[in-house]
Structure formats: structure tokens, C-alpha cells
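Structure first, then comments.
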Amino acid sequence: MPFESALRDGLRVLESVTASDGVGRLALRDLLLPQEATVFSHLERLHALAEQARALHPPLVLCHTDIHGMNLLLNTSGDLYILDWEGAMLAPREHDLFAFTGEHFSTFLAAYRRWTGDAPLYADVFGFYFYRRNLEDLTDWIMRILYENTDEAQNDLDLEGIKHDCLAAWPYFEIAIERVRKQLRDINHDS
């Protein structure tokens, strides 16, 4: 988890931020320092899930690593293309599949199984990627606000991203892992 040291360093820097450091940095401090124990708890859980994933020895496949709507192109013939392969790597299937675990995951999973067969999938590996992506995104926004942004409007956008994309997801990580576990059991039972 290459982002971990940057996340820890960013939180340490926030401890010394004052009003003279700018409105965005001050707002970031006020938003995250009360959540510091939760961040560290999530890092701890991430490490535990990483150990569980390693013990499972999931097969590695080519993964895009950044699947989302902006990287998908559907042409008029119904052909789906995946764009922007700069982060491609060999990783467990769950690395890409976690992005599809929302409301229609069971339907997606059934279609996926038709193409891939009964390749093993593990709820705890999905969980690893839930935590990892969230904390990695959080780190990216912290670094942008602390070191890269040059105007407060961008800081405001990044703070909203932290609130809505990171912090808002925290109460649901474990619920999502259990939902995926149930969906995997259900589809394996139906096979």
C-alpha cells in the first residue's frame, strides 16, 4: 500500500496547520483530525484484509485498476471498450470487480460467471479493495490540498470529494463486505 506513508505524513502535517496556512488546509484539518483514529482503524483493517487475501492465494489476472464510467465506451453496435489502461497490472479479479458491487452486482456477477466460469471470488478480497481505494483516494485529496492546489475553489471541490466519496462510505465498508459475501454464496449455491 504505497500511499500509507503519505497518508500518515499528511495527517501529521495537519496537526500543525493554522489559519495562516489558508482556508482549505484549515478546513481539511478540521474535517480530518477528529477522524484520525478512524483513519488509523481503517488502515489496521486494511492490513488485516491484506493478510487474509494473501492467505487465500487468489489467482492473478490482467486488471485495469481504474474501472469507472469515464473509462468505459459503448459504441452504437453495443460493443463495450475499456479505455485508459495506464495502471494495468496482474492482480486478483476482485481488484476490478469491486467497482461493480453496487445495487446490481448480483446481475453483473451472474453475467460475469457466464464468461469466466466458476473462478473463485472472495468477499474479504473485495473488502481489501473497498478499504484500499477509499484510503488511496483520501490520500490523494489530502496531498492535493496540502501541496498542489493553488486556489481555494479547488480545495473546496477536493474537500467535497473527501466528504462524499471517502468519509460517507466509511460506515458501509463492513456492510458491503457482508453483502458481497452473501451474493457470492447465493450465486455459488445457484450454480
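In table form, for the structure just shown:
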read-out: Count of residues meeting criterion [exposed (fewer than 10 other Cβ atoms within 10 Å of the Cβ) and part of a helix (DSSP H, G or I)] in region 1-23; value: 2
read-out: Test set (1) modelled with pLDDT of 90 or more; (2) under 25 Å from E178 (Cβ atoms); (3) exposed (fewer than 14 other Cβ atoms within 10 Å of the Cβ) - D79 fails condition number; value: (2)
read-out: Helices (runs of 4 or more DSSP H) within region 58-150 that include 2 or more residues aromatic (F, W, Y); value: 105-116, 123-143
read-out: Lone unmet requirement of (1) at pLDDT below 95; (2) loosely packed, with under 12 Cβ neighbours inside 10 Å for T101; value: (2)
read-out: Residue that is touching a Gly at 6+ places or on another chain (Cβ under 6 Å), without any contact (Cβ under 8 Å) to a residue 24 or more places away in the chain, among the acidic types (D, E) and closer than 25 Å to L157 by Cα, where the choices are D30, D66; value: D66
read-out: Test: residue in region 143-164 that is touching a residue at least 40 places away in the same chain (Cβ under 8 Å), polar (S, T, N, Q) and touching a Phe, Trp or Tyr at 6+ places or on another chain (Cβ under 9 Å); value: no
read-out: Candidates Y129, Y112, filtered to the one that is more than 30 Å from V17 (Cα to Cα), of a type outside the set (G, A, S) and crowded, with 19+ Cβ neighbours inside 10 Å; value: Y129
read-out: Residue satisfying all of: in region 39-66; within 26 Å of I162 (Cα to Cα) and out of contact with any helix residue (DSSP H, G or I) (no Cβ under 8 Å at 6 or more places or on another chain); modelled with the lowest pLDDT among these; value: D66
read-out: Residue under evaluation D158, criteria (1) surrounded by fewer than 17 Cβ atoms within 10 Å (Cβ to Cβ); (2) part of a helix (DSSP H, G or I), criterion not met; value: (1)
read-out: Residue within region 53-61 that is free of Cβ contacts under 8 Å to residues at least 40 places away in the same chain, surrounded by 12 or more Cβ atoms within 10 Å (Cβ to Cβ) and not hydrophobic (A, V, I, L, M, F, W, C) present; value: no
read-out: Members of region 24-46 found to be exposed (fewer than 13 other Cβ atoms within 10 Å of the Cβ) and not hydroxyl-bearing (S, T, Y), listed by number; value: D30, P34, A37, E44
read-out: Long-range neighbours under 8 Å by Cβ, at least six apart or interchain, first residue farther than 15 Å from Y131 by Cβ within region 166-183, second of a type in the set (D, E, K, R) and surrounded by 15 or more Cβ atoms within 10 Å (Cβ to Cβ); value: none
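The values are calculated or read from the model by the stated rules, or taken from the named source; none is laboratory data. Just so it is clear, the structure is predicted and the values come from calculations on it, not from any experiment. Ideal geometry is used to build each Cβ from the backbone, glycine not excepted, and the neighbour counts take in all protein chains shown.
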